[in-house]
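*Asks:* Please read through the structure below; I'll follow up with questions.
Nothing in this text is a laboratory measurement; each read-out follows from the coordinates by a stated rule. Fair warning: this is a prediction, and the values are worked out from it, not measured in the lab. Heads up, the Cβs are rebuilt from the backbone with ideal geometry, glycines too, and the neighbour counts pull from every protein chain shown.
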Amino acid sequence: MPAVVIVGAQWGDEGKGKVTDLVGDRVEYVVRYQGGNNAGHTVVIGDQSYALHLLPSGVLSPDVVPVIGGGVVLDPAVLFEEIEGLQERGVSCDRLLISANAHLIMPHHRALDKVSERYLGKARIGTTGRGIGPTYGDKIARMGIRVQDLFDPGILRKKLELALREKNQLLTKVYNRRGIAIDAVVEEYVTYGERLRPYVADTTLVLNQALEDDKVVLLEGAQGTLLDVDHGTYPFVTSSSPTAGGACTGSGIGPTRITKVIGILKAYTTRVGSGPFPTELLDEWGEFLRKTGGEYGVTTGRNRRCGWFDAVIGRYATRVNGMTDYFLTKLDVLSGLEKVPVCVAYEVDGERTDDLPMTQTDFHHATPVYEYLDGWWENISEARTFADLPHNAQAYVRRLEEMVGAPVSAIGVGPGRDQTMEIRPLI
Ligand code: IMP
């Protein structure tokens, strides 16, 4: 049976939580494969709104096993806070499984994320300040601390000593901050280890066994394609691999198991943090999209930067992820526009290009070439089939499909669980 990947096609915040929630009752496992509590999914069920940062959105479906894969970086304090918050609202997290290989976000990672951003000044990345980059940095440098290390306090102390020997020098001598005392951290994290133990499992074994048993595994990416450390707008990216390839390494499922890659695509574009954004609107239209779309960060509360739909990015996302389908979200936000601008290509130093420029320098110079599609006035939030949409909204969707090169199989027309139409079955 299939493993299906859900991946953000733009700069994150495309509405992935809504999608995983929609197909939740058709899957048995929902896996987070990268990122950490830099993510933010909002899931609206009835009159209840849930903001999830670390837990896979499958945690809200009673029959799904939510899994935190080895590619995730985990801040235990945040995890327990999130679990407790859900339990208080009657949502059980008992089924949760956590990979023993997941790396831990440590106090020195959080401290370094904040001070290094300050140090960068104008060149800052605009990170979420949650310690994500420093944790992945240490993972690749082979000095990270993993969930399994919490079960051996001797090893934990040894690894932490090695890490702090370097990090405390950095904090005190380079950044002029206080160093971190090891004893308190060991004590805190050993306690986390005891609390984590019931959830920890060999998740690659569990997931591959599930696939053998004909179960459906949904691999849920956080952030988005353009924030991928390899394929995004480097260095203005996150430090992990949200693109579909990352689903394999981050979960321990082989590529031959993946049968579908569903891209989540917002009907316009947003990004948080620094970095190039060709269709960004700094005028009242940007404000219109922000207000109408509620474009304020779930994790940091920051205003999201907003712009028109960018088909160059869409085509690129189709290519690097091998998208088989798209879920187009927030189409309702565009109601009431006379014309809807869509970026179909860029102009870079006087030359037109239909593809993402090869170099970041060129991308920084890219200006959008717009096509103006006819708008629609109707409120579409009650539409439940494609035929319910006004003609011009249908034409907008068809044109987007054509430009990005993969079919739109579902459309979101509002934040509610039922404000969705599925044109063909996603799973
Ligand atoms: P980090 O992931 O905290 O290191 O931040 C790196 C970049 O990724 C910054 O521009 C963040 O704003 C952006 N980022 C991280 N997580 C998300 C997300 O879930 N949605 C949108 N942007 C994100």
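*Asks:* Averaging sequence separations of C-alpha pairs under 8 Å and six or more residues apart, then dividing by the length of the stretch 162-240, give the relative contact order as a whole percent. Don't skip to the answer; put the middle values down first.
*Replies:* Numbers: 36 pairs, mean separation 9.2, N = 79.
Here the relative contact order equals 12 percent.
*Asks:* Near Lys215, which lysines are there with a Cα under 30 Å away, not counting those fewer than 8 places off in the same chain?
*Replies:* Reachable lysines: Lys16, Lys18, Lys260, Lys266.
*Asks:* Calculate how many DSSP beta bridges within the chain are antiparallel, expressed in % of all such bridges and rounded to the nearest 5. Intermediate values should be presented prior to the final figure.
*Replies:* On the way: 25 of 60 bridges.
Restricted to the chain, the bridges split so that about 40 percent are antiparallel.
*Asks:* Another question, if that's okay. Given bins 10 angstrom wide, list per bin the percent of all Cα-Cα distances in the stretch 327-427, short to long.
*Replies:* Calculated over all Cα pairs of the stretch 327-427, the distribution is 15, 39, 28, 17, 2 percent.
*Asks:* When only alpha-carbon atoms count, how far does the chain stretch along each of its three principal axes, as whole angstroms with the largest first?
*Replies:* 66, 50, 39
*Asks:* Can you compute 3J(HN,Hα) from phi for each residue in the stretch 109-123, using the Karplus curve 6.51 cos²θ - 1.76 cosθ + 1.60 with θ = phi - 60°, rounded to whole Hz and x for Gly and Pro?
*Replies:* 5, 4, 4, 5, 4, 5, 6, 5, 5, 4, 5, 6, x, 5, 7
*Asks:* Determine the dipole magnitude for the stretch 103-198: charges of +1 sit on the beta-carbon of Lys and Arg, -1 on that of Asp and Glu, nothing else is charged, the reference point is the Cα centre, and the result goes in debye to the nearest 20. Display every interim value, and only then the final one.
*Replies:* Details: 19 positive and 11 negative charges, 87 e Å.
That gives the stretch 103-198 a dipole magnitude of about 420 debye.
*Asks:* Cα to Cα, under 29 Å, and not fewer than 8 places away if on the same chain: which lysines meet these conditions relative to Lys173?
*Replies:* In chain and number order, the partners are Lys114, Lys122, Lys139, Lys158, Lys159.
*Asks:* So what J values fall out for the stretch 184-201 if you push phi through Karplus, 6.51 cos²θ - 1.76 cosθ + 1.60 with θ = phi - 60°, rounded to Hz, Gly and Pro as x?
*Replies:* 5, 5, 4, 4, 4, 6, 5, 5, 4, x, 5, 6, 6, 3, x, 8, 7, 8
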